[in-house]
Each structure stands twice: as C-alpha cells, then as structure tokens.
Amino acid sequence: MPPSFQLLDGKFVSSELKKSLSVGVAEFKKLYGRTPSLHVVIVGQDPASQIYVGHKEKAAAQIGIESRVHRLSSTTTQTEVESLVLQLAQESHVDGILVQMPIPKHLNSARINELIPFEKDVDGFSSQALGALCLNNAKAVACTPAGVMELLDFYKIQVQGMDAVVIGRSTIVGKPMALLLLNAGATVTVCHTKTKDLYSHVRNADLVVVAAGKPEFLNVSHFKKGSIVIDVGIHRDSNQKIVGDVKSEGLEKHVSAASPVPGGVGPMTIAMLLKNTLTLAHDRMKV
Ligand code: GUN
C-alpha cells in the first residue's frame, strides 16, 4: 500500500477557485465599469452539450460574469455560424467566444474556430492559440487540460521530471494536455487508438491522464504503484451510474493520487472557462 492516498477533489478546488474569481470579477467591474462577457455558440441538440452549456451559464452567473448562449438549429449552414462568430468577434463588449463541440457533421469546426480572434478565444482551440501554447506563450488554454494542471498545482504535485502518459490526442484535451505537461518539464508520451502497446506505457508512467472516451477501460491493475491518475472521461454505465475512463475500485490502495468521476476534472473545466474569460477581459482592457 502506498504511504498515503490523495483524492484530487475537483469539486472542492473549483469551488475555492470560483470564490477567488468572484472577487476578481467584482474588482474588474469596479475598475472598468463593465462586466466580463462570455458568449457560447451551440449548434444542434446534442444532449450532453446542452447540459454542459447549462453548467457554464450557471457558473458564470454565480461569480458575476455575464454569459449569453446563442442557440442555432442543427440545420444551420456554415455561412450562418461563421457570420455569427464574425459578428461576436467585432462586438467590443464581448470578451470570450466559444463554440460548443461537437457540432453537426456538415459543419467545418476547424474553420469556425479559426474565426475566433486570439484575444477572445476562451477555449484556445484556434491554430494561433495552440501555436502560442506550443511556444509556452498562451493567453487562454483549453479548459479541461488547464483544469488538470490547476488541480495538480493545488495539491502541490510537481510534474517536472515525471514520466507522463496522456491517453487521447484530441484538440480539446490530448494535444493541449501534452503541451502543458511538456512545458511544465514532464517527459510526455501521447497514446492513442493506433498505439502498439498502450498498457506498457501506462504501466511505466508516474502520471497518467486518461482521455480515451471509453468507460472504465483501465483499472487498478494497469497502473504503477504510487502513480498519479487523472480521469477525464465521463459516461453513464448500463445502470445509469456515472463512471470515468478508469474503474475506481481499489485505486486508493495502489496509486498515490487520483481524480474521481464525478467531482474531479469536470468541475475544474467549468472553473477554468471562467478564469480564462476574466483573463481575456483584463487583457483586452490593457490594449
Ligand atoms: N466539448 C467538450 N468539451 C468542450 C470544451 O471544453 N469546449 C468546447 N467548446 N466544447 C467542448
């Protein structure tokens, strides 16, 4: 048994972060006489996206950030989405813009994300934002990986020198996660569906960030003793129970730290969106 186990409690850490952000938002309002403003574009009826966007709206209201959700039907054309994004890009009171993913298949998400100006790219999905992250010079970093780093930071877990494995290579999680860990001095391996022997990489890792999108596909037997496990997955199993990409049973007796599902990375993602919005709002007032 490892000497101790640390639950990486994203629910607690995000609520602490939101408390300090609400002070920051109040200061911003006093200083500039206006409210930071977040604009969320949602296209279609994806049920999970509807829930996530609802959480984003509620959290923004909690800390005093103005949020506006632009709901577009699933038959909206590329041109229509692009003109909405271009209009928001020009409006001076808009600090942050995001297009909730996934969007319907007939739309080109990369082209849409490219239209969000760097200064308002609150999700950091554009090529400029990802390029800046690559150069360790980012303004706003994709909220899920940024939330993982904030969670590690809160528990004083220093990744420098660690062998880190990221499972998943998406633009939303895997790629920015790998860059953040690399920038923080970890030795990073990115595993994905074409990886030859994923389990051998996991078995040797000091830190594993699992964003595979497969319910409970790893379990305690896969991890090195004393390692740190961050679970980005969220699913409902056949009994409607919420589960992650990692089966949690017995983890606390083997690894040294792990994030739960629910209550781990999920709440951190929302808190980081608010943090990014406030950061971008401040930066826009400086120029
Ligand atoms: N879909 C799942 N996670 C995210 C996210 O962080 N941002 C956006 N825009 N879409 C998502």
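The values are calculated or read from the model by the stated rules, or taken from the named source; none is laboratory data. Here the structure is a predicted model, which means the values were calculated and not measured. Cβ atoms come from the backbone with ideal geometry, glycine included; neighbour counts cover every protein chain shown. SASA here: full protein model, heavy atoms, side chains in, ligands and nucleic acids out. Shrake-Rupley method; radii C 1.70, N 1.55, O 1.52, S 1.80 Å.
Summary table below
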read-out: Residue range of the chain that is longest and free of GluC sites (Glu not before Pro) which are both DSSP loop and sparsely packed (at most 14 other C-beta within 10 Å); value: 92-248
read-out: Whole-Hz couplings from phi, Karplus 6.51/-1.76/1.60, listed for segment 79-94; x for Gly and Pro; value: 4, 5, 5, 4, 5, 5, 4, 5, 5, 5, 4, 8, 6, 6, 7, 8
read-out: Sequence of Lys11, Lys120, Lys18 when ordered by accessible area, the most exposed leading, probe 1.4 angstrom; value: Lys11, Lys18, Lys120
read-out: Karplus-derived HN-Hα couplings along segment 275-287 (A = 6.51, B = -1.76, C = 1.60, θ = phi - 60°), whole Hz, x at Gly and Pro; value: 4, 4, 4, 5, 4, 5, 4, 4, 4, 5, 6, 7, 8
read-out: The chain: calculated mean residue ellipticity at 222 nm from DSSP helix runs of at least 4, using -39500 (n - 2.57); value: -13000 deg cm²/dmol
read-out: Ranking by accessible area, most exposed first, for His39, His192 with a 1.4 Å probe; value: His192, His39
read-out: Apportionment of accessible area to carbon and sulfur, segment 143-236, percent (1.4 Å); value: 50 percent
read-out: Other-chain or far-sequence residues with amide H under 5 Å of Ser67's (modelled H); value: Leu38
read-out: Eligible aspartates and glutamates near Lys224 by straight Cα distance, threshold 15 Å, same-chain separation 8 or greater; value: Asp163, Asp206, Glu252
read-out: Accessible-area value, Lys286, 1.4 Å probe, nucleic acids and ligands omitted, Å²; value: 150 Å²
read-out: Separation of the His282 and Gln158 label points, Cα + 7 Å toward Cβ, nm; value: 2.4 nm
read-out: Accessible surface of segment 237-287 [probe 1.4 Å, protein heavy atoms]: carbon and sulfur percent; value: 56 percent
read-out: Spatial separation of Cα centroids for segment 223-266 and segment 26-48, in angstrom; value: 31 Å
read-out: Fraction of beta bridges assigned by DSSP in the chain that are antiparallel (%, nearest 5); value: 5 percent
read-out: Taking all pairs of distinct alpha-carbon atoms in the chain, Kirkwood radius in angstrom; value: 19.6 Å
read-out: Nearest 10 degrees, 0 to 90: helix 143-154 Cα axis against the chain principal axis; value: 60 degrees
read-out: Evaluated at q = 0.17, 0.18 Å⁻¹: base-10 log I(q)/I(0), Debye formula over Cα of segment 1-122; value: -0.92, -0.99
read-out: For the chain: accessible area per residue (Å², 1.4 Å); value: 48 Å²
read-out: Amide H contacts under 5 Å for Gln6, placed H, 5+ residues apart; value: Ala257, Ala258
read-out: Solvent-accessible surface (1.4 angstrom probe) belonging to Phe154, in square angstrom, nearest 10; value: 90 Å²
read-out: Dipole of segment 181-287, positive direction: furthest Cα of Ala258, Phe223, Asn204, with charges on the beta-carbon; value: Asn204
read-out: For Asp206, solvent-accessible area (1.4 Å; no DNA, RNA or ligand), Å²; value: 40 Å²
read-out: Lysine pairs with alpha-carbon atoms under 14 Å apart, segment 1-160, spacing 8 or more or separate chains; value: 4
